[in-house]
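The values are calculated or read from the model by the stated rules, or taken from the named source; none is laboratory data. This one's a predicted model, so the numbers in the text were calculated from it and none came from an experiment. All Cβ positions, even for glycine, are placed from backbone atoms using ideal geometry, and neighbour counts span all protein chains on display.
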Amino acid sequence: MAADLVLDGITKAYPGVQALSGVHLEAYRGQALALMGANGAGKSTLMNVLGGIARMDAGTISIDGASIEIGSPRDAKAHGIAFVQQELNVVPSMTVAENILISDFPTRAGLIDGKAMRRHTAALLERLNCPFSVDETVENLSMGDRQMVEIAGALAREPKILIFDEPTSSLTNREKRKLFEVILSLKQQGVVIIYVTHFLDEIFEICERVTVLRNGATVGTRMMGEVTPLEIVHMMLGQNHSQERLSEPRSGGNKPLLTVSGLNRQGVLADVNLEIREGEIVGLWGLLGSGRTELVRALTGLDPIDAGDLRFDAGGGLRTVTPQQLHRQVGLVTEDRRGEGLLLPQSVRQNLSLASLGTLLNSFLMIDRRREQALARDLIERLGIKVSNPAQRVGTLSGGNQQKVVFGRWLATRPRLFILDEPTRGLDVGAKNEILKLAVELARSGVSILMISSEIEELMRVCDRYLVMSRGRIIEELSGSSAKSQLMDAVSGKAPLEALAS
Ligand SMILES: Nc1ncnc2c1ncn2[C@@H]1O[C@H](COP(=O)(O)OP(=O)(O)OP(=O)(O)O)[C@@H](O)[C@H]1O
Ligand SMILES: [Mg+2]
């Protein structure tokens, strides 16, 4: 059977990087093709070419055996291609309806037909089970909801070919389930789906085949039924990757660095007490909605607290601090790299030095460019950030490499405590490994780490101790040598926070 969509010999260079070299990809109607590869492998670039956002240097694209030209997003649309991009592209100041129909407002005698527009979008939102109204301004929506708006916008075009570039990274589990249902029904209608993700479990659930890219070239394509997750990882990285512990758990005994007692936030956190000692990695373990992120937000002043005593040792012993003061002392890395204030139009160098400008000033109170450059080069090397040079704009880095820049920025300030909330979300297996190794290295040098991850296997590779959360409380403490079954037992049957609130 000849493929319905064929990309062949796709080549694309950016200044300093060969993003794609001769990529070959085939996709079929009624099937979902997974596109996988390490951060920077070229997945988004390839999809940008198909979506008309980037122009290829060489190669051919054909649909149903006929070669087509795609020079702009408009061309792509004319060929029935819709694209949900990796980074959100909604216009925050516009309503949901306007965003969904942004490029093709229904018109009546040349005027925008507001009624038809609202009716059409309302139907789309219902299909996606979205709980918000078509008249809501997008800036009032959560990241997950905004992503759903983008997806609705793609569906509005009734595409023949639908591309998703890491669509689930900001979706809740419920939203993800809905998306998967919609993908299933699109497949039944004969749509070609191309699905870019780092989540292996997702592609085994919804895709028929997987094509793997490495360094801008196609490694191969496999049927999902004939490949194992480990084989895909090997294709992506071209080497063996173990899931073994990176450091054996060490028992405490060191000096306390942070103590928290009686932390309360009405309906969210209840009497949280904890201690983190110097040089240890503490895993905050609990189900989604157990209050882990809420705890981090309360500790760092992002959300108000009703009561609680925080003490932190900034050098001269434990002292009482406010959450806002604590915020200035810790390196906070979360999965939301835009919210972390990455300046996308600025260079990698500027972004890396942003948090430590104070230490880079010369005697004229000007930024010492030589030291800034040296700092950037050092961090780029330590974190293995894939850039052509430190002057490259952060916005042009692959998603995973942007996350490394967030991490690197804090690393430069030498905090005594890191709080990592899903720090490896969106990173490929190799990059995850590097981040985890870095955490272990930091801990060995005396830095403490509080780490949240939904992936228990990830916590189990580095943690010295676990705090188990449920319904906004820390319900148990487990040693770093606990077995997976003990960790699972500790949270099984524990309702998430939402259940508490309702
Ligand atoms: N607009 C651009 N300007 C310069 N370089 C770019 C641009 N877009 C992508 N690149 C480079 O091309 C390479 C491939 O990046 P791409 O975004 O396609 O990777 P990816 O596979 O999508 O990675 P991730 O999983 O992290 O999203 C990277 O080295 C990236 O820095
Ligand atoms: Mg990408």
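Give the residues of segment 91-104 that are hydrophobic (A, V, I, L, M, F, W, C) and modelled with pLDDT of 85 or more, sorted by residue number.
Of everything in segment 91-104, those that are hydrophobic (A, V, I, L, M, F, W, C) and modelled with pLDDT of 85 or more turn out to be 91, 94, 96, 97, 100.
Here is a yes/no grid of residues against (1) assigned by TED's automatic domain parsing to the domain that holds residue 440; (2) more than 16 Å from ligand 2 (Cβ to nearest atom); (3) among the acidic types (Asp, Glu):
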site	(1), (2), (3)
214	no, no, no
220	no, yes, no
223	no, yes, no
246	no, yes, no
264	yes, yes, no
272	yes, yes, no
281	yes, yes, no
297	yes, yes, no
304	yes, yes, no
- [ ] Just one of (1) out of contact with any strand residue (DSSP E or B) (no Cβ under 8 Å at 6 or more places or on another chain); (2) in a helix (DSSP H, G or I); (3) touching a residue at least 12 places away in the same chain (Cβ under 8 Å) trips up residue 301, so point out which.
- [x] (2)
- [ ] Report yes if residue 194 is in contact (Cβ under 8 Å) with a residue 60 or more places away in the chain, among the aliphatic types (A, V, I, L, M) and not in a helix (DSSP H, G or I), otherwise no.
- [x] yes
Task: Qualifying position, being more than 30 Å from residue 268 (Cβ to Cβ), within 16 Å of ligand 1 (Cβ to nearest atom) and not aliphatic (A, V, I, L, M), among 430, 426 - done: 430
TODO: Please find, within segment 233-248, the residue that is modelled with the highest pLDDT out of those that are within 19 Å of residue 203 (Cβ to Cβ) and aliphatic (A, V, I, L, M).
DONE: 235
TODO: Starting from segment 414-438, take each residue that is under 16 Å from residue 169 (Cβ atoms) and list its partners that are surrounded by 21 or more Cβ atoms within 10 Å (Cβ to Cβ) and acidic (Asp, Glu), counting only C-beta distances under 6 angstrom and pairs at least six apart or across chains.
DONE: 422/335; 425/335
- [ ] Starting from segment 367-393, keep only residues that are in contact (Cβ under 8 Å) with a residue 40 or more places away in the chain, then list their pairs with residues that are surrounded by 14 or more Cβ atoms within 10 Å (Cβ to Cβ) and among the acidic types (Asp, Glu) whose Cβ atoms are within a distance under 8 Å, requiring at least 6 positions of separation or different chains.
- [x] 383/434; 384/434
Open item on the list: Could you tell me how many of the residues in segment 37-92 are of a type in the set (A, V, I, L, M), more than 9 Å from ligand 1 (Cβ to nearest atom) and either within 30 Å of residue 142 (Cβ to Cβ) or not assigned by TED's automatic domain parsing to the domain that holds residue 203 (or both)?
Closed with: 9
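Can you name every residue in segment 4-24 that is crowded, with 19+ Cβ neighbours inside 10 Å, hydrophobic (A, V, I, L, M, F, W, C), closer than 26 Å to residue 202 by Cα and away from ligand 2 (no atom under 13 Å from the Cβ)? Give the derivation first.
If we filter segment 4-24 for residues that are crowded, with 19+ Cβ neighbours inside 10 Å, which is where we start, we get 4-5, 7, 10, 12, 19-20, 23.
Of the ones still in play, those that are also hydrophobic (A, V, I, L, M, F, W, C) are 5, 7, 10, 19-20, 23.
Of the ones still in play, those that are also closer than 26 Å to residue 202 by Cα are 5, 7, 19-20, 23.
Residues satisfying the conditions are 5, 7, 23.
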Task: Looking only at segment 135-188, and only at residues there that are outside any helix (DSSP H, G or I) and within 16 Å of ligand 1 (Cβ to nearest atom), the one that is farthest from residue 205 (Cα to Cα) - done: 170
Open item on the list: With the structure loaded, tell me whether residue 251 is away from ligand 2 (no atom under 16 Å from the Cβ), at pLDDT below 95 and surrounded by 15 or more Cβ atoms within 10 Å (Cβ to Cβ) or whether it fails that test.
Closed with: no
Task: Sole residue being among the aromatic types (Phe, Trp, Tyr), modelled with pLDDT of 90 or more and closer than 26 Å to residue 198 by Cβ, chosen from 132, 83 - done: 83
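In segment 205-217, is there at least one residue being touching a residue at least 60 places away in the same chain (Cβ under 8 Å) and either among the small types (Gly, Ala, Ser) or surrounded by fewer than 14 Cβ atoms within 10 Å (Cβ to Cβ) (or both)?
Checking segment 205-217: at least one residue is touching a residue at least 60 places away in the same chain (Cβ under 8 Å) and either among the small types (Gly, Ala, Ser) or surrounded by fewer than 14 Cβ atoms within 10 Å (Cβ to Cβ) (or both).
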TODO: Could you check how many residues of segment 173-204 are buried (at least 21 other Cβ atoms within 10 Å of the Cβ), within 16 Å of ligand 2 (Cβ to nearest atom) and modelled with pLDDT under 90?
DONE: 1
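Quickly run through segment 223-243 and pick out the residues that are touching a helix residue (DSSP H, G or I) at 6+ places or on another chain (Cβ under 8 Å) and either hydroxyl-bearing (Ser, Thr, Tyr) or within 27 Å of residue 154 (Cα to Cα) (or both).
The answer is 224, and nothing else.
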Open item on the list: I'm trying to understand the selection: among the residues of segment 25-76, which are within 21 Å of the chain's Cα centre (by Cα) and either assigned to a strand (DSSP E or B) or away from ligand 2 (no atom under 16 Å from the Cβ) (or both)?
Closed with: 33, 34, 35, 36
Task: Candidate set: segment 59-90, residues that are loosely packed, with under 13 Cβ neighbours inside 10 Å and of a type in the set (A, V, I, L, M, F, W, C); chosen: the one farthest from residue 171 (Cα to Cα) - done: 66
TODO: Consider residue 371 carefully, then state whether it is surrounded by fewer than 23 Cβ atoms within 10 Å (Cβ to Cβ) and touching a Leu at 6+ places or on another chain (Cβ under 6 Å).
DONE: yes
Task: Yes/no for residue 447 being touching a Lys or Arg at 6+ places or on another chain (Cβ under 9 Å), touching a residue at least 40 places away in the same chain (Cβ under 8 Å), within 16 Å of ligand 2 (Cβ to nearest atom) and among the hydrophobic types (A, V, I, L, M, F, W, C) - done: no
Task: Given (1) in a loop (DSSP other than H, G, I, E, B); (2) in contact with a helix residue (DSSP H, G or I) (Cβ under 7 Å, 6 or more places away or on another chain); (3) away from ligand 1 (no atom under 12 Å from the Cβ), number of the condition residue 387 does not satisfy - done: (3)
